[in-house]
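Here is the structure we will look at, set down as structure tokens.
The values are calculated or read from the model by the stated rules, or taken from the named source; none is laboratory data. Only a predicted model underlies this, so the values are computations on that prediction, with no experimental measurement involved. Backbone-built Cβ (ideal geometry, glycine too); neighbour counts: all protein chains shown. These accessible areas exclude ligands, DNA and RNA; they are computed on the full protein's heavy atoms, side chains included. Shrake-Rupley method; radii C 1.70, N 1.55, O 1.52, S 1.80 Å.
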Amino acid sequence: MLIKKPKHKDFEYLPRFYKPEEDREERLRKRLGFNRKRKFKKKGRSPLIWLVLLILVIYLYYRFSNL
């Protein structure tokens, strides 16, 4: 046969009652500082800024509509 057979995929089984304090690899990750959490949180714009912009637009509309 000239076609390669696909290999079985390996997977990592985590036990149901996992204790991270007993896991050697988890302790190494913590000591080295590896984590999957995002460091930077995306900041949204403050509602106060939107309110000020809305008031400014309304003011400019009334200011220039009375010409």
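Within the stretch 57-66, does at least one residue satisfy the condition of being among the charged types (D, E, K, R), open to solvent by 100 Å² or more (accessible area, probe 1.4 Å) and at pLDDT 80 or above?
yes
With respect to R27, is the statement that it is at pLDDT 75 or above, in contact with a helix residue (DSSP H, G or I) (Cβ under 9 Å, 6 or more places away or on another chain) and of a type outside the set (V, I, T) true?
yes
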